[in-house]
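Student: Dropping the structure in here first, questions after.
The values are calculated or read from the model by the stated rules, or taken from the named source; none is laboratory data. Computed from a prediction, not measured in an experiment: that's the story for all the values here. So basically every Cβ, Gly included, is an ideal-geometry build from the backbone, and we count neighbours across all protein chains shown. The accessibility values were calculated without ligands, DNA or RNA, using every heavy atom of the protein model including side chains. Shrake-Rupley method; radii C 1.70, N 1.55, O 1.52, S 1.80 Å.
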Amino acid sequence: QTGDIASKLHFTMNVPKTGYRVFSANSSSACTELAKKITERLGVELGKSIVYQESNRETRIDVKESVRGQTIFIIQTIPRDVNTAIMELLVMAYALKTSCAKNIIGVIPYFPYSKQCKMRKRGSIVCKLLASMLAKAGLSHIITMDLHQKEIQGFFSFPVDNLRASPFLTQYIQEEVPDYRNAIIVAKSPSAAKRAQSYAERLRLGLAVIHGEAQCAESDMADGRHSPPCVRNTSGHPGLEVSYTVPRQRKPSKGVRCILFTLTCFQDDIIDDVEDFVAAAEILKERGAYKIYIMATHGLLSADAPRLIEESAIDEVVVTNTVPHEVQKLQCPKIKTVDVSMILAEAIRRIHNGESMAYLFRNIAVDD
């Protein structure tokens, strides 16, 4: 009998621990909705932890269960208080690291400070700093979505899976936009033209690009340090121009003006300050557009963005749930949400099981 117990104990001790846990690193109840959707799709329970702010605004994390030898996925959405969310992620990752977790993988659908990925005058590349901080805290892998620049992946010393929201947004266009085949995909600036072109090609729609004069601060011109250098319009025309192209499969009818918008869809990766979108929508309305949709992955919609959208010529703003925006939706009914928890849950499952991630990037264009 003693031998049987010893053999059973030996067998138990040699069973590899292949479990994984999913935690939410957010102290806001509104921001845990995405984490709950992901765990429901995975069929697992959300890890037991308490995230809160002390009276002096310090972040405190209490992990309420053992994570020794397990793979941990930390889901962190970024609300308006960006810096608090970053500290929550760093402190939780470090707490799990010191609790002997085997692997710590961050699921950060919207990566903060991603716009600060280039040197501007005497500033700094904050995105690189944040990548180094996450690695130091204990993260060994990151799952994110639609980085502002794909080159940001080079800032990290560990693997980064940059998922795409475009299949969900194109599906929304096909299912929710009436007569979408008569639409035009519009890039609000030349820098967004490649991304908009990938949408236009997949939907077999025309493409338009809005050209405007780049705004440069006087201090930038005097110092000349910012990179890349600002491109100025030498024509002296302060207004906006719309360049229009059609796909090869569609031929315009005789007598029809090239710029005749029956339905227009903007596309971008981040929508925060909406003044440019509102101004472009007014121009397109003047050119004949009767429905204007804005499609963006990350709906930050800060400050007065909901009010400006509600008062503008824009009909709908479609964003994903990578960033919490329930308050903005209450202020502006034009804001619609597309759920991307499915692809995030599938990415977690594939990484845990050691499966290829190529399936999640099918039908994704190079410039997407």
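Student: For the list (1) within 16 Å of Thr77 (Cα to Cα); (2) part of a loop (DSSP other than H, G, I, E, B); (3) not small (Gly, Ala, Ser), I need the number of the one condition that Leu134 fails.
Tutor: (2)
Student: Follow-up. Within the set of pairs 6+ apart or on separate chains, which have a first residue in the range 113-125 that is free of Cβ contacts under 8 Å to residues at least 12 places away in the same chain and over 18 Å from Leu147 (Cβ atoms), a second that is open to solvent by 60 Å² or more (accessible area, probe 1.4 Å) and in a loop (DSSP other than H, G, I, E, B), and C-beta atoms under 8 Å apart?
Tutor: Between residues of the range 113-125 that are free of Cβ contacts under 8 Å to residues at least 12 places away in the same chain and over 18 Å from Leu147 (Cβ atoms) and residues that are open to solvent by 60 Å² or more (accessible area, probe 1.4 Å) and in a loop (DSSP other than H, G, I, E, B), the close pairs are Gly123/Gln116; Ser124/Gln116.
Student: Now for a different question. Within the range 294-326, count every residue that is open to solvent by 10 Å² or more (accessible area, probe 1.4 Å) and touching a residue at least 12 places away in the same chain (Cβ under 8 Å).
Tutor: 13
Student: Here are Lys115, Lys121, Lys97: which of them is modelled with pLDDT under 95 and more than 24 Å from the chain's Cα centre (by Cα)? Can you show your working first?
Tutor: Details: Lys115 fails: more than 24 Å from the chain's Cα centre (by Cα); Lys97 fails: modelled with pLDDT under 95.
Only one candidate passes the filter, namely Lys121.
Student: Exactly one condition in (1) open to solvent by 30 Å² or more (accessible area, probe 1.4 Å); (2) in contact (Cβ under 8 Å) with a residue 40 or more places away in the chain is false for Pro333; which is it?
Tutor: Every condition holds for Pro333 apart from (2).
Student: Regarding Ser132, is this residue open to solvent by 70 Å² or more (accessible area, probe 1.4 Å) and small (Gly, Ala, Ser)? If you could, list the steps in order and put the result at the bottom.
Tutor: On the way: open to solvent by 70 Å² or more (accessible area, probe 1.4 Å): no; small (Gly, Ala, Ser): yes.
No.
Student: Can you pull out every residue in the range 91-129 that is open to solvent by less than 50 Å² (accessible area, probe 1.4 Å) and farther than 21 Å from Tyr20 by Cβ?
Tutor: Tyr110, Phe111, Pro112, Ser114, Cys117, Gly123, Val126, Cys127
Student: Hey, another quick one. Would you mention how many residues in the range 337-351 are under 14 Å from Ala165 (Cα atoms) and either of a type outside the set (Val, Ile, Thr) or without any contact (Cβ under 8 Å) to a residue 12 or more places away in the chain (or both)? I'd like the intermediate steps shown before the answer.
Tutor: Residues of the range 337-351 that are under 14 Å from Ala165 (Cα atoms), as a first pass: 337-347.
Within this subset, residues satisfying the condition of being either of a type outside the set (Val, Ile, Thr) or without any contact (Cβ under 8 Å) to a residue 12 or more places away in the chain (or both) are 339, 341-342, 344-347.
Matching residues across the range 337-351 total 7.
Student: For Ser219, are the conditions met, namely being among the polar types (S, T, N, Q) and either at pLDDT 90 or above or under 29 Å from Ala358 (Cα atoms) (or both)?
Tutor: Values: among the polar types (S, T, N, Q): yes; either at pLDDT 90 or above or under 29 Å from Ala358 (Cα atoms) (or both): no.
Judged against the criteria, Ser219 is not a match.
Student: Only one of (1) surrounded by fewer than 16 Cβ atoms within 10 Å (Cβ to Cβ); (2) out of contact with any Ser or Thr (no Cβ under 7 Å at 6 or more places or on another chain) fails for Ile72. Which number is that?
Tutor: With (1) surrounded by fewer than 16 Cβ atoms within 10 Å (Cβ to Cβ); (2) out of contact with any Ser or Thr (no Cβ under 7 Å at 6 or more places or on another chain) applied to Ile72, the lone miss is (1).
Student: So in the range 138-168, with the set limited to residues that are outside any loop (DSSP other than H, G, I, E, B) and open to solvent by less than 10 Å² (accessible area, probe 1.4 Å), which one is farthest from Ala296 (Cα to Cα)?
Tutor: Step one: list which residues in the range 138-168 are outside any loop (DSSP other than H, G, I, E, B), which gives 141-145, 150-155, 160-163, 166-168.
If we keep only those that are open to solvent by less than 10 Å² (accessible area, probe 1.4 Å) as well, we get 142-145, 152, 162-163, 166.
Numbers: Ile142: 21, Ile143: 19, Thr144: 15, Met145: 12, Ile152: 19, Asn162: 16, Leu163: 14, Ser166: 9 Å.
Ranking the candidates gives Ile142 first.
Student: Restricting to the range 169-213, count the residues that are open to solvent by less than 80 Å² (accessible area, probe 1.4 Å) and touching a helix residue (DSSP H, G or I) at 6+ places or on another chain (Cβ under 9 Å).
Tutor: Selection size over the range 169-213: 24.
Student: Where residues in the range 348-366 are modelled with pLDDT under 90 and among the β-branched types (Val, Ile, Thr), which of them is surrounded by the fewest Cβ atoms within 10 Å (Cβ to Cβ)?
Tutor: Result: Val366.
Student: Right, next: Exactly one condition in (1) touching a strand residue (DSSP E or B) at 6+ places or on another chain (Cβ under 6 Å); (2) open to solvent by 60 Å² or more (accessible area, probe 1.4 Å) is not met by Arg80; state its number.
Tutor: If we test Arg80 against (1) touching a strand residue (DSSP E or B) at 6+ places or on another chain (Cβ under 6 Å); (2) open to solvent by 60 Å² or more (accessible area, probe 1.4 Å), just (1) comes out false.
Student: Taking Val246 as the residue in question, decide whether it is surrounded by fewer than 20 Cβ atoms within 10 Å (Cβ to Cβ), modelled with pLDDT under 90, closer than 21 Å to Gly212 by Cβ and in contact with a strand residue (DSSP E or B) (Cβ under 7 Å, 6 or more places away or on another chain).
Tutor: Values: surrounded by fewer than 20 Cβ atoms within 10 Å (Cβ to Cβ): yes; modelled with pLDDT under 90: yes; closer than 21 Å to Gly212 by Cβ: no; in contact with a strand residue (DSSP E or B) (Cβ under 7 Å, 6 or more places away or on another chain): yes.
No, not satisfied.
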